[in-house]
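Since every read-out is calculated from the coordinates, none of them should be taken as a lab result. Note that the coordinates shown come from a computational prediction; the quantities given were computed from them, not determined experimentally. Neighbour counts run over all protein chains shown; Cβ positions are idealised from the backbone, glycine included.
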Amino acid sequence: MQEADLEAISQLHVHFWDEPSDVEAMRETLRVLADDPDHLFLAARVDGACIGTATGVICHGLYGGFDSYIVVEDVVVDEAHRRQGVATALMTEIERFARERSCRQMIVLTELVRHDARGLYGALGFEARWTGFKKKLG
């Protein structure tokens with residue numbers, strides 16, 4: 001992901017969540033975390049245009065002897081490019097990144113109403129055996 005992708009990613013967020021994103025805040029976050037080896041920000045492009053995005057964050061836990069795992073969030077693909085392998089390519093790259101860093105598992109978060117995403121994650125080998133909870137703090 002590059003700073004030049006942020007405007008397009010902001011528009012993806014508007015279309016997906018019906019919420020605007022603060023591009024300047026996104027830019028600052030990207031700058032701060034660009035060199036953090038535990039963060040992965042991906043952008044998928046077609047003809048130079050950003051049409052998808054995904055984020056992976058490696059977490060380090062004590063359970064099982066300092067096992068690391070990756071949490072995947074914000075997998076968003078432009079509606080016109082869905083069902084063309086974009087999300088699969090993003091997830092494949094996140095898995096490669098996680099394996100390279102010896103992560104023991106991947107955790108992906110999605111909303112219960114996102115049946116399309118849930119189908120994709122199931123097809124990619126994820127199991128829907130757990131329940132997640134979310135609480136907004138601001």
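Return a whole-number percent for the relative contact order of the chain, with Cα pairs under 8 Å and 6 or more residues apart as the contact set.
On the way: 166 pairs, mean separation 24.1, N = 138.
It rounds to 17 percent for the chain.
Using modelled backbone amide H atoms (1.01 Å from N, in-plane), which distant-in-sequence or interchain residues come within less than 5 Å of residue 46's amide H?
Residues meeting the criterion, in which the H sits 1.01 Å from N, are 51.
When only alpha-carbon atoms are used, what values of Rg and Dmax, in angstrom, describe region 6-135?
15.0, 44
Quick one: which of 43-52, 113-122, 29-38 comes out on top by average Cβ neighbours within 10 Å, and what's the full order, highest first? Intermediate values should be presented prior to the final figure.
On the way: 43-52: 15.5, 113-122: 13.8, 29-38: 11.8.
The peptides rank, most packed first, as 43-52, 113-122, 29-38.
What percent antiparallel are the DSSP beta bridges of the chain, to the nearest 5? Working shown, then result.
Working: 16 of 21 bridges.
Among the beta bridges of the chain, antiparallel pairing accounts for roughly 75 percent.
Starting at the first residue of region 36-43, write each ³J(HN,Hα) from the Karplus equation 6.51 cos²θ - 1.76 cosθ + 1.60 with θ = phi - 60°, in whole Hz, x for Gly and Pro.
For region 36-43, the Karplus-derived couplings read 7, x, 9, 10, 10, 10, 10, 10 Hz, x marking Gly and Pro.
Add -39500 (n - 2.57) for each DSSP H run of 4 or more in the chain, then divide by its residues: what number comes out at 222 nm, to the nearest 500 deg cm²/dmol?
Calculated from helices alone, the mean residue ellipticity at 222 nm is -11000 deg cm²/dmol.
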